[in-house]
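None of the figures in this text is laboratory data; all of them are computed from the coordinates on show. Note that the structure is predicted; figures quoted are calculated from it, not measured. With ideal geometry, Cβ positions are generated from the backbone for all residues, glycine too; neighbour counts draw on all protein chains shown.
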Amino acid sequence: MTKTNEYQQQIGESVPDWTPRERPARIGIDGAHCRIEPLDVSRHAADLFEAYGRAPDGSDWTYLFVGPFSDFDTFRDYLTKAEASTDPLHYAVIDSASGKAVGTLALMRIEPVHGVIEMGSVTFSPLLKQTRISTEAQYLLMRYVFDDLGYRRYEWKCDSLNAPSRKTALRLGFEFEGIFRQAIVYKGRNRDTAWYAIINQDWPRVRNAFERWLADDNFDANGKQRASLAQLRDEDKR
């Protein structure tokens with residue numbers, strides 16, 4: 001039933017006892033297959049440059065605000081600025097098996113007053129793409145935001161022409177909310193931005209699917225998944 005005020009105007013549902021959330025911290029988060037830790041140039045730069053260098057071309061950087069980087073010094077300068085930033089707050093993804101940094105991602109557009117935060121600057125190397133680690137890394141930060149910090153909304157935004165990013169958002173459980181036309185100019189070109197989000201009411205079902213998907217019994221002897229994230233989320237709807 002829609003609520004109305006004393007003037008008979010429709011108003012949103014009350015959010016009882018809401019208080020601003022804490023900002024995300026520079027902490028490490030351990031998973032079964034990877035570790036998320038604050039970006040540190042001295043420890044991560046060489047690993048990341050080598051990992052990104054495994055890509056056959058610079059296409060992974062097309063939809064990012066920076067890159068590609070042809071030399072280590074320029075890349076290190078970028079990482080130095082990223083390390084110093086508090087919003088976006090950048091984290092490195094560490095492969096637990098190798099101990100090496102294989103990608104980065106960030107929490108950004110952080111709004112503690114409203115309980116809103118965005119996942120962004122996702123820069124995964126060929127060593128990380130389409131692996132169990134890449135999914136676990138997303139899950140670890142998502143769990144931190146919802147369960148530890150108590151945020152209400154977790155966003156994903158990308159160039160509307162970035163088909164892989166849009167596909168990933170849906171795979172991870174984000175819901176499409178629309179296109180913001182001419183939202184950004186970057187690298188000298190227009191960006192219409194596709195918006196996606198998970199809200200706290202969605203999170204229990206999304207979290208359960210992640211945990212079931214990441215479980216060892218969801219993979220066969222060749223490491224192939226038995227059920228997809230989407231299948232596992234759909235099962236919870238029944």
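Using DSSP to define loop residues, name the chymotrypsin sites (Phe, Trp or Tyr not before Pro) in region 26-109 whose beta-carbon has at most 11 other beta-carbon atoms within 10 Å. Present the calculation step by step, with values, prior to reporting the outcome.
Numbers: sites: Phe49, Tyr52, Trp61, Tyr63, Phe65, Phe69, Phe72, Phe75, Tyr78, Tyr91; in loops: Tyr63, Phe65, Phe69.
Here the sparse-neighbourhood loop sites are Phe65.
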| In which sequence would Ile117, Ile184 go, from the one with the fewest C-beta neighbours within 10 Å to the one with the most? | Ile184, Ile117
| query | Mind checking which helices in the chain clear 15 Å along their axis (Cα) and have mean Kyte-Doolittle hydropathy of -0.5 or more, DSSP H runs only? | reply | 41-52, 132-143
| remark: Heads up, region 23-237 by the C-alpha gyration tensor (a ≥ b ≥ c square roots of eigenvalues; a/c under 1.5 rounded, else a/b over b/c prolate, else oblate) looks rounded
